[in-house]
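Following: one structure in structure tokens, then a few remarks.
The values are calculated or read from the model by the stated rules, or taken from the named source; none is laboratory data. Since the structure is predicted, the reported quantities are computational estimates derived from the model, not experimental observations. We place every Cβ from the backbone using ideal geometry, glycine too, and count neighbours over all the protein chains shown.
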């Protein structure tokens, strides 16, 4: 079925940058150009009158966690909680409203100690009181730390003598467990907790995909796949549950298992799933004060710099292993010390492998130093900036790092001036997959408290759009199919109620997604007022 789109602003993200008309046939774009010429080509085509609205390439999610986003629909939302009392009420209400049975696991997500009146992580006494008859895990907004109640700790066989995994910490105080865990300790025991039932999980995956689609996204990411997820993905693919293109990155330890399980998905799509590479974590989060820094955090401990989660030789082994397999490597690096470790490993590996050809990605790159950008450029490392941190945690970063370092978080303008390609992401479910808010953050760089956070790193709207379209498609080796509206590419579009290139900068995040089109088919449509 052919479709002709006309009478609006069509941003192509190509040359020419704006077109009058787009003609598609099935899943592909056939032609882009003047209305008269395409109308003559489009005999019998369905016509879509944009009525002055804007059509552009669908957004490409450069990093998120589909399964975690799906799971978030089965968890107690704590995102807006401002006190321990409110956390208690939310969890107690969830247990009552959902008729949770005694002994069933309860998961809560999104608390932020920086936003709580108590200015600290929930205590063991609090989480025990929240669910005295249910094992309970609270996940921090960063996704890197959490708090377990006593029943959960007991069922997971954690006691005060349990050693902390390398690159993580099990909290104790005076020989007693506090329930708090961070980084590799948190990930280790979170994986051991049981998952929800298949029916509930599958419904949650549909909700998660609908959430991405509602924000104009048609390509998404499963940003950290561990072997425990193998049976789940076998089921998802067997029943064709995925309708958004999903690129998965396995943990380095489990990469071989995923290649063996999904050989037909290795570096190519099968039933909308592609195993795109592997993933490593090198540090934690800046708002959680676990990002690994070259200079200390501000605060009571003048020597504290956060910490890394892998040894140098382990990082080099991971880079070389991915190169031998011809797979892209994603490295979670928030702090500049973690960034240094990754760049050093890539530089060493380049002696024997063409790592740059595999387009390695530095995920988050919050505090990637301006002085480190030239090396990233030379090595072909792409930073995928979590630039929305400037708004969501900018005020916290000022407290943790002071103005000089906080103003340089997500150094997009500096990268742009060097010609270093970069992408943007939301690390969903850390925040919603709201690309338009991310554009607003990159262009305005204003904190929740109204502080201008590094005007020198603001970038033009056109460049911000590239980070979520053409650059993100390039990151996935899909620049020949996605990211721009050109003949031969996928008919993946988003329709907006206003043109992001012409609205006032402070109104970018108010633009609404009206329709999302994947392969020529509408997968989301908002009722137009």
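List of remarks:
- Search result, residues across the range 244-261 that are modelled with pLDDT of 95 or more and surrounded by fewer than 16 Cβ atoms within 10 Å (Cβ to Cβ): 256, 257, 260
- Screening the candidates 277, 308, 288 for the property of being under 21 Å from the mean Cα position of the chain (by Cα) and under 23 Å from residue 229 (Cβ atoms) yields one hit, 277.
- When each of 179, 168 is tested for being in contact (Cβ under 8 Å) with a residue 40 or more places away in the chain, in contact with a helix residue (DSSP H, G or I) (Cβ under 8 Å, 6 or more places away or on another chain) and on the phi < 0 side of the Ramachandran plot, the lone residue that passes is 168.
- 1 or more residues within 21 Å of residue 521 (Cβ to Cβ) and within 32 Å of the chain's Cα centre (by Cα): qualifying strands (runs of 3 or more DSSP E) within the range 15-56: 21-25, 28-33
- Options 433, 460; residue that is more than 17 Å from the chain's Cα centre (by Cα) and under 30 Å from residue 357 (Cα atoms): 460
Residue by residue, here is whether (1) under 28 Å from residue 59 (Cα atoms); (2) modelled with pLDDT of 95 or more holds:
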residue: 150; (1), (2): no, yes
residue: 153; (1), (2): no, yes
residue: 174; (1), (2): no, no
residue: 184; (1), (2): no, no
residue: 187; (1), (2): no, no
residue: 193; (1), (2): no, no
residue: 220; (1), (2): yes, yes
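- Out of 104, 89, one residue alone is without any contact (Cβ under 8 Å) to a residue 40 or more places away in the chain and not in a loop (DSSP other than H, G, I, E, B). It is 89.
- Qualifying residue in the range 310-320 (condition: surrounded by 19 or more Cβ atoms within 10 Å (Cβ to Cβ) and under 26 Å from residue 452 (Cβ atoms)): no
- Subset of the range 78-97 that is closer than 23 Å to residue 428 by Cβ and either surrounded by 15 or more Cβ atoms within 10 Å (Cβ to Cβ) or at pLDDT below 90 (or both) - its residue that is nearest to the chain's Cα centre (by Cα): 79
- Residue check: residue 422 meets all listed conditions (1) touching a helix residue (DSSP H, G or I) at 6+ places or on another chain (Cβ under 6 Å); (2) surrounded by fewer than 24 Cβ atoms within 10 Å (Cβ to Cβ) but one, namely (2).
- The number of residues in the range 124-166 that are buried (at least 21 other Cβ atoms within 10 Å of the Cβ) and in a loop (DSSP other than H, G, I, E, B) comes to 7.
Each row is one residue, and each column tells you yes or no for (1) in contact with a helix residue (DSSP H, G or I) (Cβ under 8 Å, 6 or more places away or on another chain); (2) closer than 27 Å to residue 155 by Cβ; (3) without any contact (Cβ under 8 Å) to a residue 24 or more places away in the chain.
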position	(1), (2), (3)
40	no, no, yes
48	no, no, no
60	yes, no, no
63	no, no, no
73	yes, yes, no
95	no, yes, no
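- Hits in the range 356-372 (condition: surrounded by fewer than 24 Cβ atoms within 10 Å (Cβ to Cβ), outside any loop (DSSP other than H, G, I, E, B) and in contact (Cβ under 8 Å) with a residue 12 or more places away in the chain): 356, 357, 358, 370, 372
- Scope the range 256-293; condition in a helix (DSSP H, G or I) and free of Cβ contacts under 8 Å to residues at least 40 places away in the same chain; matching residues: 256, 257, 258, 260, 261, 263, 264, 265
- Residues satisfying the stated conditions in the range 462-481, i.e. surrounded by fewer than 22 Cβ atoms within 10 Å (Cβ to Cβ), in contact (Cβ under 8 Å) with a residue 12 or more places away in the chain and assigned to a loop (DSSP other than H, G, I, E, B): 477, 478
- Any hit, the range 196-211, residues being under 14 Å from residue 105 (Cβ atoms) and either crowded, with 17+ Cβ neighbours inside 10 Å or at pLDDT 95 or above (or both): yes
- Hits in the range 222-243 (condition: under 21 Å from the mean Cα position of the chain (by Cα) and either buried (at least 20 other Cβ atoms within 10 Å of the Cβ) or outside any helix (DSSP H, G or I) (or both)): 222, 223, 224, 225, 226, 229, 233, 236, 241, 242, 243
- Screening residue 525 against (1) surrounded by fewer than 22 Cβ atoms within 10 Å (Cβ to Cβ); (2) touching a residue at least 12 places away in the same chain (Cβ under 8 Å); (3) touching a strand residue (DSSP E or B) at 6+ places or on another chain (Cβ under 6 Å) leaves a single unmet condition, (2).
- Residue check, residue 7 over 16 Å from residue 483 (Cβ atoms) and surrounded by fewer than 19 Cβ atoms within 10 Å (Cβ to Cβ): yes
- Every residue from the range 431-442 that is outside any helix (DSSP H, G or I) and surrounded by 24 or more Cβ atoms within 10 Å (Cβ to Cβ): 433
- Count of the range 320-355 residues, restricted to those that are touching a strand residue (DSSP E or B) at 6+ places or on another chain (Cβ under 6 Å) and either farther than 15 Å from residue 281 by Cβ or outside any strand (DSSP E or B) (or both), is 6.
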